[in-house]
Amino acid sequence: MKFQSKSSVVALAVIAAISTVNVPLASADEALIAKGKEVSFDRKKGNCLTCHQIPGGTLTGNIGPPLIAMKARYPDKAQLRADIWDMTKRSPDTMMPPFGKYGVLTESEIDAVTEYIHSL
Ligand code: HEC
C-alpha cells in the first residue's frame, strides 16, 4: 500500500513534468517584452508614463512624444537602446532621465524596456 502510493506520486510527478514540457512556452522575446512593459509602467522604475503616452497606459503625461510606431522611428534598435540609456547624448537639454548613465535602471532592465518600446 505504502509502495503503491509512492509510485502513484512518482507517476503524477512524471505526468506533471511531461505536461509542463508540452505546454507551449512563451518565446523569450515575449517574456522580455512583458518584463519591459512592467519596468516601463512601474512608477518607481522607468516611470515612462509620467512623460509619454504609451498604448494601454493610464495617467500619462505629454512632456515627451507619444511612444507609438517605434519601429518606423527607430529602424535601428541599438539607437533606441542608446537613447533610453542616455537621451542627453542626442538631446543635451532633454528632461528625460539618462536611465543607464545614472543607473536608474539596470542593463538588463534597459534591454527589456528597449524590446518592449520597439514592439510598440
Ligand atoms: C521626465 C520626463 C521623461 C521621462 C520620465 C521619460 N522620458 Fe522619454 N522623452 C522625454 C522627452 C522630453 C523626450 C523628447 C526628446 C527631447 O527631449 O529632446 C523624450 C524622448 C523619448 C524617446 C524618443 C522619441 C522619439 O521618437 O524621438 C524615447 C524612445 C523615449 N523618450 C523613451 C522613454 C522611455 C522608454 C522612458 C521610460 C523608461 C522614458 N522615455 C521616460 C521625457 C521623458
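Bear in mind these aren't lab numbers, they're just calculated from the coordinates by the rules spelled out. Since the structure is predicted, the reported quantities are computational estimates derived from the model, not experimental observations. Heads up, the Cβs are rebuilt from the backbone with ideal geometry, glycines too, and the neighbour counts pull from every protein chain shown.
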Exercise for the section: Answer with yes or no whether Thr114 is surrounded by 12 or more Cβ atoms within 10 Å (Cβ to Cβ), more than 9 Å from the ligand (Cβ to nearest atom) and of a type outside the set (Lys, Arg). Expected result: no
Fill in the blank from the handout: Residue hits (region 71-81; touching a His at 6+ places or on another chain (Cβ under 9 Å) and assigned to a loop (DSSP other than H, G, I, E, B)) are Tyr74
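Yes/no matrix, rows are residues, columns are (1) exposed (fewer than 13 other Cβ atoms within 10 Å of the Cβ); (2) part of a helix (DSSP H, G or I); (3) basic (Lys, Arg); (4) within 7 Å of the ligand (Cβ to nearest atom):
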{"residue": "Leu49", "(1), (2), (3), (4)": "no, yes, no, no"}
{"residue": "Ile54", "(1), (2), (3), (4)": "no, no, no, no"}
{"residue": "Thr58", "(1), (2), (3), (4)": "yes, no, no, no"}
{"residue": "Pro66", "(1), (2), (3), (4)": "no, no, no, no"}
{"residue": "Asp83", "(1), (2), (3), (4)": "no, yes, no, yes"}
{"residue": "Pro92", "(1), (2), (3), (4)": "yes, no, no, no"}
Handout entry: Residue selected from region 98-111 under the condition without any contact (Cβ under 8 Å) to a residue 24 or more places away in the chain and either in contact with a Ser or Thr (Cβ under 8 Å, 6 or more places away or on another chain) or not in a loop (DSSP other than H, G, I, E, B) (or both), by the criterion surrounded by the most Cβ atoms within 10 Å (Cβ to Cβ)
Key = Pro98
Practice task
Could you please find all residues in region 58-97 being out of contact with any helix residue (DSSP H, G or I) (no Cβ under 7 Å at 6 or more places or on another chain) and touching a residue at least 12 places away in the same chain (Cβ under 8 Å)?
Solution key: Ile63, Gly64, Pro65, Pro66, Ile68, Ala69, Asp86, Thr88, Met95
